[in-house]
Every structure is written in structure tokens, then in C-alpha cells.
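Engineer: Here it is: the structure, laid out below.
Coordinate-derived values only; no laboratory data. All values derive from a computational prediction rather than experimental measurement. Here Cβ is always computed from backbone atoms with ideal geometry, including for glycine, and neighbour counts include all displayed protein chains.
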């Protein structure tokens, strides 16, 4: 009986185990089937991957996340085109989403999210809800144009509107415009009015404008051109009335006024003001992120380039949704325009014009500064160019002519450095007095017009142009421009002391100025050591390896008018006109005043080399100079520079003037370069 009961219990336990096993097996199978049917990615992951493709501009990849029903509504080609045109048209980047909430309803998931993106008009942000359908075990986006922007319908378009800004203008000290936003003339052709002599008329237009007939024919054959279309050919200055009159006599020519940058002084301030032109690809890439676009203009030279960041305007941008008829529905983002800043200069435009007229046929330069304030009143380099020509556009032949001109009209002379010749002698004298190395009343006692220290110099001689009977002291040496005196003074000062003193004056230093100025130097290749006695002796009278920038020279000379303090030159106008000291105590007060009085005698004394600069009622201190550019004693081709530097002293009722002037190739000039310049300078008074 017990055995029977035991067997029955065993059978029952076996049934329970089998049943439990079957249950577990069914549970596992059900679990496997459930897992197999689950999507590989969650809906949140799908939406995130879709946005990642957008940031990579992988529009084809984005399309793969769309539901089948969405793909039936829009082809991949149309999807890619629509998304690419919109996102890239507004410069969209850095698109980000933050999922706020997920709701699941059987085969559908709804994701509420916040989206932001950077665009050309600023950041665009919005909230939206994505609907994802489960298809073939994967979630797919139920797409419409609202995924781009919630308010965007499939028939709508996204538009970008530019709000033009204005470039700042450049003014002289009195408000006269030196660079302005004015009008230029656009010369064009209406093909249907060229008449029966079409070829002859095109040839005539070509000859007047400098534009090739091939170019004109190409423009006229463009696909958009109709018989009554205005086809622009060339821009010219609106003030060029003579050329406009000639063109208007030709059948088919029409001239329209368009906005453009205008330079009223033209050649008279070409190097100083510079010019603007359309931005090129390299400049666009270099200025990425600064608001430039392919139609922007940019400063290419002169102050237009130096002050570009302040002068340029930044266009405003509006991004909005428009319906199929072009009506504005919704503004998405707007960035207001920012007009450029006007810049007022210390320049006196009338003085600038007067000097240019004096120098326009020469190769040379003028720098005019107010010596007690540092205000630059004029900076002229000749020959030069008309900045307006660069705005209206140079033809290839015009550019070649300008670029290959042996007189170098594109070369800005007042930004370079030159051998100063005898105009450097006051600097040597002031250094000698300041360091105590020379005594102004000491008579060096030599005779004749040539000298050498001793026989160790071999055949090398220091020569001076004019002998004189008076004492060989500082005052006479400046008045007669005696090379020998200043060669001996340089030897007394010594190479190390001279180099150290010139460093204190700013040699081998970059000069703070909007335009890049070449450094002044006293040794080759920006060296800091004057090599050899003969080189040192030559340096004393402005030869050797001495090279000085003209604006820097004006600053050095200002120390003679300011008791030894060098004044910093500046060109941007300020109302207070307070001077800024560039080098305090460049010379001692006594040294500066001694040199000033001696330079006055260079002009006032009948025996002074600049006596022809004397003007009744005006006290002027000045120094003539001639710099030989010979590379050797046999060099007859390098030419000679003529210099004249001067400044007025206590000019009653008017601002004082300090002038640094130079003219090239004066070796064949009968009256010397300095006196040639003096005649021109006197016209300023």
C-alpha cells in the first residue's frame, strides 16, 4: 500500500516538473519572439541620428529615416533638394535638440523636443513634436516640412533677405570727404539700338572704355539678353563728363548712375586713402565668420585697408517663411544691419592738394606735421594713382601700364626708409651733445674738403662739398653742411654709443601707425652694430647704412621743437589735440635748443645752405641734404636723393609746420634737390 502511494506521488511530481518545464520553455520562446520583434533603436536614437546627419549635411542619410508613407509623398531627390536649399541657404549649423518627453501608443511614439541652430541671421529656436511609426521592426519618422520649421508647410519657401549696410566715410580735419559713398556711372549697351553699324559702334565703345570688343560681344550674347536689355559693360567716374559725352554719341549706349565708392581727391591722396574692391575668394576664406559674403567690398590699400574693421558695414539679414505667392508668413530670425564708422583724419585736404600739384611730375614724398601736437597734415607720394580707377575697374592694358611704369606709381614712398644724407647731421649733433661726447664750440681744426683719420683707411676719404674759413665747430658745420665735422663727431661718439642712442630714438622699432612703415636702421639687415670706422664716420653725416622712414624722421625732428621730447605722429583726428610723447628725453633740453638755434641760422644766415628758404616774418629752422645711393665709386646709375627738412618756430597766430621732403634722381638737377624742394615748400606759406 505504501509502495503504491509512493509510486503515485512520484508520477505526480514528474507531471509537475514536466508542466513547469513546458511553462518555462514557452516563456523563453515568447521572450525570444518578443525580443526579435523589438526595434533595434529607440525612437529617441532615431531622431538623434536624423539630426546628426543634418549637421553633416548628409541629406540622403536623413531620408533613410523617413517612414514609407512619407517617402511616398516626397522623393529622395526632392527631399534632398528642399532640405539642402533651406539649411544651406540660411547657413544653418550646430543644430541641436533636447528631447523633453516621449509618449508611446502601440506602434507610434511621439517625442516632444526643443531645437536650436545657428544661422546667418542669428540663432533660431523652436519646440516641435516628432511622430515616429514602427515599420518592419524599426521606428521611422512621419516627415513633413514642419520638421524644418514648425510653421513651414510643404508649399511654403524659406527666404533670406539682406538689409544693406553703409560703409563709413573718411573725412579730413575740416569734414571734407576723402572717401565717400557716392555715385559712379555704369556704361551699358541696349543691343536693339546699336543700329546697322553694330560692329563699328562696338569698336568705338571699346576704344573709349578700354574694354575689348571680345568682352563686349560676350556680354551681349549672354542668354538673358534681349533687344531692350541694358547690358553693363564698364563703370567710369561720374565726374568724367568728357568720356560720358563721347560715349553717349554712339547709338545703343546708355549710362546709369549706381552707388559706388568715390575718392574726391583722386590722385592727390591715392597712396594715403587707398581704395576698395570686391572681395576675392582668398579674402573671403581669411575673413570667415566676420559677415562678409561673395558680393562684399573690402579695403585693398591705404587707410581703406588699415581701417577696414571700423569702416566696413555689416549687412543685416532676415530669414522668413513665405507662401507660394511670396507673401511673408513668419519671421524666423533677424539681424539688424550695422553701418560702418566714419573716420576723421588730421589731414588738411587743401594742403594735400597743394603739395601734390607741386610734386606730381616728380618721384618723391612730403610729410607735413604739426610739431607740437604730432598731427599729420599731409602725406604725399608721387607719382601716384587715381583710387577711383580701382573702384570702376582697370582694364588689363591699364593695369599693365600702371604696374610696369618705371616711375613706380604704385610704390608708396612715405612708408619706406631711405638714406637721409645731411638731414641726419642734426641728429648726430644732438646725440653728441646729449652724451657729452662733443663740445659745440670746439674747433676741430682741419682744412680742405677731404679728410681721413689716418693711413689705415687706405684710399678712403671723407669729402665735403664746400670749404670755409671759419671755425670747424657745430654751428658752422650745420650751416655749411660739413661732412668732415660730422664724420669726426661720429668717431668721437663711438659706434656703441651711437647705436645705443639711435635705439633710444626708435631705430629698429616698428612705428605705431595705421599704415605699415618700414623700420629705420643704422646697420644692414636690422643689425645692432655699426661695423668699422669708415662706416661709423659715414653714418655721422647720414650715409653708411643709415636708413630712416620719413614719418619717423618727422618725429625725431619734433624733438628740436619740443625741448628734446619726440612727439608721436598721428593721423586720426582728436578734438583735444593733446600731444603724445613718443620718446621722452630723446635729447637733453640744452642739446635740442642748441640744434634748433643752429638750424635757424642755416636759413637766416646768408651763408647757410638753406638761406633761400628765408621768408619774411616767419622763423624757420631747416636742413638741406643730398644722399648718394652709389653701391661703389664707379656706380653712375643709382642716382641721388635730394632732401629738405624744416620746421617753423612760434609762427604767430598759426600752427607751426614741420616738413620732411625728398625728391629722387637729382644728380642732374642744376640747383640741387634741396633747393628744388625749397621752391615748392615756399608755396605752402
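Engineer: Let me see the pair-distance distribution of the range 280-425: every alpha carbon pair, 10 Å bin width, integer percents in order.
Structural biologist: Pairs per bin, as whole percents: 8, 24, 29, 20, 9, 7, 2, 1.
Engineer: If you average the C-alpha positions of the range 103-162 and of the range 639-667 separately, how far apart do those two centres end up, in angstrom?
Structural biologist: So the two Cα centres are separated by 73 Å.
Engineer: Rounded to whole Å and ordered largest first, report the semi-axes of the equivalent ellipsoid of the range 528-685 derived from its Cα gyration tensor (root of 5λ).
Structural biologist: In descending order, the three semi-axes are 27, 21, 15 Å.
Engineer: Could you give the length gained by full extension between residue 91 and residue 466, i.e. 0.36 nm per residue of separation minus their alpha carbon distance, to one decimal place?
Structural biologist: 127.6 nm
Engineer: Among 628, 196, what is the fewest-to-most ranking by other Cβ atoms within 10 Å?
Structural biologist: 196, 628
Engineer: Taking the Cα atoms only, what angle lies between the long axis of helix 495-504 and the longest principal axis of the chain, rounded to 10 degrees?
Structural biologist: 60 degrees
Engineer: Right, here's the next one. How big is the Cα convex hull of the range 497-542 in projection, averaged over all directions, in nm²?
Structural biologist: Orientation-averaged projected area of the Cα hull: 3.5 nm².
Engineer: I need the calculated FRET efficiency for the pair residue 616 and residue 196, taking r as the beta carbon distance and R₀ as 41 Å, to the nearest 0.05.
Structural biologist: Approximately 0.05, to the nearest 0.05.
Engineer: Kindly state, as a whole number, the per residue volume in cubic angstrom of the convex hull around the alpha carbon atoms of the chain.
Structural biologist: 303 Å³
Engineer: Can you show me the helix-derived [θ] at 222 nm for the chain, built from DSSP H runs with n ≥ 4 at -39,500 (n - 2.57) apiece and divided by the number of residues, rounded to the nearest 500.
Structural biologist: -10000 deg cm²/dmol
Engineer: Using only the alpha-carbon atoms, what does the range 265-355 span along each of its principal axes? Please give whole angstrom values in decreasing order.
Structural biologist: 62, 27, 21
Engineer: Report the normalised scattering of the range 43-154 as log10 I(q)/I(0) at q = 0.12, 0.22 Å⁻¹, calculated by the Debye formula with identical scatterers on the alpha carbons.
Structural biologist: So the normalised log intensities work out to -0.39, -1.38.
Engineer: On a 0 to 90° scale, report how tilted helix 198-209 is relative to the longest principal axis of the chain, with both axes built from alpha carbons and the result rounded to the nearest 10.
Structural biologist: The angle comes out at about 60 degrees.
Engineer: How long is the gain from residue 219 to residue 103 if the chain were fully straight, where each residue apart is worth 0.36 nm and the alpha carbon distance is subtracted?
Structural biologist: This chain segment gains 35.6 nm when fully extended.
Engineer: Separate question: Once the Cα gyration tensor of the range 398-477 is found, what semi-axes does its equivalent ellipsoid get, as square roots of 5 times the eigenvalues, in whole Å, sorted largest first?
Structural biologist: 39, 18, 12
Engineer: Between the range 282-299 and the range 520-540, what's the alpha-carbon centroid distance in Å?
Structural biologist: First find each Cα centre; the distance between them is then 44 Å.
Engineer: Still on this model: Give me the tail of P(r) for the range 170-344 as a percent: Cα-Cα pairs with distance above 24 Å.
Structural biologist: So the pairs more than 24 Å apart make up 55 percent of the total in the range 170-344.
Engineer: Now, a different point. Tell me the angle of helix 672-682 to the major Cα principal axis of the chain, expressed in degrees between 0 and 90 and rounded to the nearest ten.
Structural biologist: In the chain, helix 672-682 runs at an angle near 80 degrees to the longest axis.
Engineer: Okay, next question. So what's the Cα pair-distance distribution over the range 415-607, bin width 10 Å, in %?
Structural biologist: Reading upward from the zero bin: 9, 36, 36, 15, 3, 0.
Engineer: Here is a further query. With a ≥ b ≥ c the root eigenvalues of the C-alpha gyration tensor of the range 556-595, is it rounded (a/c under 1.5), prolate (a/b larger than b/c) or oblate?
Structural biologist: Verdict is prolate for the range 556-595.
Engineer: Kirkwood-based Rg over Rh for the range 395-435 (C-alpha set), two decimals?
Structural biologist: For the range 395-435, the value is 1.39.
Engineer: Within 10 Å, count the other beta carbons around each residue, average over each peptide in 453-459, 544-550, and list them highest first.
Structural biologist: Result, highest mean first: 544-550, 453-459.
Engineer: Multiply the residue gap between residue 327 and residue 212 by 0.36 nm, knock off their C-alpha separation, and tell me the result in nm, one decimal place.
Structural biologist: Full-extension gain reported as 37.0 nm.
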